[in-house]
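Take a look at the structure below.
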Amino acid sequence: MQRYFASKDNNGNIIIANDDIFHITHVMRMKINDEFEINNDGDIFLCKIISLSPFKFDIIKETKENHELDGYIRLLYCLPKGEKTDLVIQKAVELGANEIVLINSTRSIAKITKENKDKKLIRFNKIIKEASEQSKRTILLKLTDVITFKELSNYKADVSFIAYENTSLTSEDLLNELSNIKGKTVNVIIGAEGGITLEELNIAKSLGYKEISLGKRILRSETACFYILSLLSFYMEN
């Protein structure tokens with residue numbers, strides 16, 4: 001069933017954004033008496049359309065559900081080239097991540113600047129909302145900021161990892177680290193196409209980040225995100 005995120009007005013009434021009303025009436029082509037779900041701060045309501053013009057709905061019942069992981073995943077992703085960021089954000093939502101922090105790293109080809117930041121964040125947050133509705137997330141993933149490695153200290157966690165292709169550690173070492181992450185806040189840094197510089201690695205390690213290996217093969221930056229997020233999701237969900 002189609003789900004939409006909603007908010008409350010000053011009088012405590014649940015309201016749906018105009019874009020979502022357009023989607024309901026023109027894209028989904030719902031009719032009077034058709035049902036849909038709304039998510040208001042994690043409270044899920046089953047609703048029925050009672051009028052199309054103006055758009056009105058009744059709340060039929062509240063449902064209890066929780067599709068979130070037992071823990072908190074913060075992905076710190078060094079900006080890649082092209083539209084890979086869009087894809088990573090979408091899949092991070094589906095895989096249960098709670099927060100994404102974008103990093104303008106040394107080897108990031110595409111940078112987010114003061115001039116284009118606001119426009120990009122609007123698009124990224126639209127992706128987050130749509131992916132959250134599709135995957136039945138209870139809460140919206142946070143897209144916190146665009147930072148440099150020198151600002152990593154602002155993001156505390158119980159466990160912090162940095163993927164590094166030249167590490168001497170193995171996949172088995174990673175699985176041992178993941179065996180006890182349920183209920184914890186986990187940071188994980190994934191580099192851009194060119195990887196992590198030695199200076200950036202040392203900054204992260206000075207803040208308590210542990211090197212991890214994502215296997216014997218060199219992964220694309222977006223694939224590395226999917227790989228580690230899938231593992232984190234598995235260990236927090238089971």
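The values are calculated or read from the model by the stated rules, or taken from the named source; none is laboratory data. The structure presented is a predicted model; accordingly, all values stated were derived computationally and were not measured. Glycine gets a Cβ as well: all are built from the backbone with ideal geometry, and neighbour counts include every protein chain shown.
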Original post:
Which one is surrounded by the most Cβ atoms within 10 Å (Cβ to Cβ) among residues in the range 98-115 that are of a type in the set (Val, Ile, Thr) and part of a loop (DSSP other than H, G, I, E, B)?
Top reply: Ile112
Subject >> Leu232 of a type outside the set (S, T, N, Q), in the same structural domain as Ser105 (by TED's automatic domain parsing), over 18 Å from Ile100 (Cβ atoms) and surrounded by 13 or more Cβ atoms within 10 Å (Cβ to Cβ) >> reply: no
**OP:** Within the range 204-221, track down each residue that is surrounded by fewer than 19 Cβ atoms within 10 Å (Cβ to Cβ) and either outside any loop (DSSP other than H, G, I, E, B) or touching a Gly at 6+ places or on another chain (Cβ under 6 Å) (or both).
**Re:** Lys205, Ser206, Lys210
Original post:
How many residues are out of contact with any helix residue (DSSP H, G or I) (no Cβ under 8 Å at 6 or more places or on another chain) and aliphatic (A, V, I, L, M) if we restrict to the range 43-79?
Top reply: 5
Subject >> Which numbered condition Thr63 misses (of (1) under 22 Å from Ser135 (Cβ atoms); (2) modelled with pLDDT of 90 or more) >> reply: (2)
Original post:
Which one of these is without any contact (Cβ under 8 Å) to a residue 12 or more places away in the chain and surrounded by fewer than 20 Cβ atoms within 10 Å (Cβ to Cβ): Asp58, Asp34, Asp70?
Top reply: Asp58
**OP:** Kindly check whether there is at least one residue in the range 183-191 that is of a type outside the set (D, E, K, R) and without any contact (Cβ under 8 Å) to a residue 60 or more places away in the chain.
**Re:** no
**OP:** Considering every residue within the range 72-82, establish whether at least one is β-branched (Val, Ile, Thr), over 11 Å from the mean Cα position of the chain (by Cα) and at negative phi.
**Re:** no
Original post:
Considering only the range 185-203, how many residues are more than 18 Å from Leu169 (Cα to Cα) and surrounded by fewer than 21 Cβ atoms within 10 Å (Cβ to Cβ)?
Top reply: 5
**OP:** Note down all Cβ pairs under 6 Å where the first residue falls in the range 1-29 and is within 17 Å of Ala131 (Cβ to Cβ) and not assigned by TED's automatic domain parsing to the domain that holds Cys47, the second is β-branched (Val, Ile, Thr) and assigned to a helix (DSSP H, G or I), and they're at least six residues apart or on different chains.
**Re:** none
Original post:
Does the range 192-219 hold any residues that are within 22 Å of the chain's Cα centre (by Cα) and without any contact (Cβ under 8 Å) to a residue 24 or more places away in the chain, and which are they?
Top reply: Leu219
